[in-house]
Amino acid sequence: MPAILFVDDDTAVLNSIERLFLAHDQEILRASSGDEALALFDQHEIAVMVTDQRMAGMKGTELINRVKMISPDTVRIVLSGYTELTDLLEAINRGEIFRFLVKPWDDDDLLENVELARQRYGRNREMQRTEEATLLSLAQTIELKDAYTRGHCDRVARFAEGIARKLGLSDLKIKEIRHGSWLHDCGKIGIPDDVINKPMGLDHYEMVQMKEHPLHGAEVARKAQLSETIVQIILCHHEKFDGTGYPSGLKGAAIPLEARIVAVADVYDAISSDRPYRKACDDIGVETIMADCRGTALDAELVDIFMQEVLPELMGKGLNVDL
């Protein structure tokens, strides 16, 4: 079950709160500083965080802001006897705080508000599961246009998430990368099947059609009000690190990091899978092509992370990465 975390630099306060929740058969996590609290997010799924405002080292509003980046679904409550009103109002206006409770607290009020926050977390997570199921279903529908790419979007998402985790990106960015990976080829829905499944090289007109799919896909994502990160992944996943890609010829760091990550995953899966116009490359061929793409089509640092760290881990877990 997702945890409830209380953060306060007063041990007596934490002891009192722990006794209250244990009396109602609820276990809590506790931290005496912002840094200690942040470390717990690496070890636990935390549904609700209740924090003091005035603490040594890191104020509650700063902690809340950092938690919003690494665990955006965690519902955040301030429980404090003192606060800087300006900071608090700013955090409330940004939607970072669910409730502000005052010390000394009323036990029933604290229990009720924490339970309401837990329920809010549960509803949000359920909505996200429904959203993710819908997005994955859409991606799989797109894949039906090309029998050779069945499972492609899910594998690309798995590979891209592995790179993102090695880079230490936030949970929110990892989720956006997963969604962008699923949908990166959604613009192909408007490309004729005979072009997508053509067993030989495309002619000039067909290639023009194919190169428009990132633009079409990005427009679909914008109309669906998906995040700008997801839009940019769809739009830029065929840009090349040396500037020779499409649709805009972006180069190097001008290509969004998330799109560069997905590009590495996309190229790897493409060359290690059968396609209408060629068979999958063997292991040596895959390694050779990925090395050739390093620093030209693809970001060299990301290729190294994927080939040297992510891929061996996936293979070590017994996952079939060459389907």
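Under 5 Å from the amide H of ALA280 lie the amide H atoms of ASP274, ARG275, each residue being 5 or more positions distant or on a separate chain, with H modelled from the backbone and absent for Pro and chain starts. Inverting the pair-averaged 1/r between distinct Cα atoms of the range 217-269 gives 11.0 Å as its Kirkwood hydrodynamic radius.
What chymotrypsin sites (Phe, Trp or Tyr not before Pro) does the range 146-197 have in DSSP loop regions with at most 13 other beta carbons within 10 Å?
Working: sites: TYR148, PHE159, TRP182; in loops: none.
Passing both the DSSP loop test and the Cβ count: no residue.
In the context of the full protein assembly, ARG76 retains an accessible surface of approximately 20 Å², using a probe radius of 1.4 Å and ignoring ligands and nucleic acids.
Return the FRET efficiency for the residue pair ASP10, ALA280: r is the Cβ-Cβ distance, R0 is 56 Å, and the value is rounded to the nearest 0.05.
Working: r = 61 Å, r/R0 = 1.09.
So the FRET efficiency works out to roughly 0.40.
Stokes-Einstein diffusion of the chain at 37 °C, 0.692 mPa s viscosity, Kirkwood radius from Cα pairs, rounded to a whole number: 149 µm²/s. Extending 7 Å from the Cα toward the beta-carbon at both ASP42 and GLN308 defines two label points whose distance is 2.1 nm. Work from the charge dipole of the chain (Cβ charges, +1 for Lys and Arg, -1 for Asp and Glu, about the Cα centre) and give the residue of ALA265, GLY162, CYS281 farthest towards its positive end. Final value for the positive-end residue is CYS281.
Using only the Cα atoms of the range 181-236, construct the convex hull and provide its projected area averaged over every direction, in square nanometres to one decimal.
Working: hull surface 15.7 nm².
About 3.9 nm², averaged over all directions.
Average accessible surface for the chain: 50 Å² per residue, computed with a 1.4 Å probe over protein heavy atoms with every protein chain in place. What is the calculated FRET efficiency for GLN26 to ALA253, with r their C-beta to C-beta distance and R₀ = 45 Å, to the nearest 0.05? So the FRET efficiency works out to roughly 0.45. Within the accessible surface of the chain, defined with a 1.4 Å probe on protein heavy atoms only, the carbon and sulfur portion equals 52 percent.
Which whole-angstrom value gives the distance between the alpha carbon centres of the range 246-300 and the range 1-77? Value for the Cα centre distance between the two parts: 42 Å. Taking the alpha carbon gyration tensor of the range 151-225, multiplying each eigenvalue by 5 and rooting it gives semi-axes of 28, 15, 9 Å, largest first. Over the range 177-323, the ratio between the Cα radius of gyration and 2.2 N^0.38 Å evaluates to 1.05. Each label was represented as a point 7 Å from its Cα along the Cα-to-Cβ direction; for ASP193 and LYS103 these points are 6.7 nm apart.
Its residue count N sets the reference 2.2 N^0.38 Å, and the alpha-carbon radius of gyration of the range 131-259 equals 1.03 times that reference.
Note on LYS223 and ARG125: the extension gain reaches 32.9 nm, defined as 0.36 nm multiplied by sequence separation minus the Cα-Cα distance.
In a fully extended conformation the segment linking LEU215 and ASN65 would gain 50.6 nm over its present Cα-Cα distance, using 0.36 nm per residue.
The values are calculated or read from the model by the stated rules, or taken from the named source; none is laboratory data. What you are looking at is a predicted structure, and each value in this text was computed from that prediction instead of being measured. Positions of Cβ are backbone-derived with ideal geometry, glycine not excepted, and every protein chain shown enters the neighbour counts. These accessible areas exclude ligands, DNA and RNA; they are computed on the full protein's heavy atoms, side chains included. Shrake-Rupley method; radii C 1.70, N 1.55, O 1.52, S 1.80 Å.
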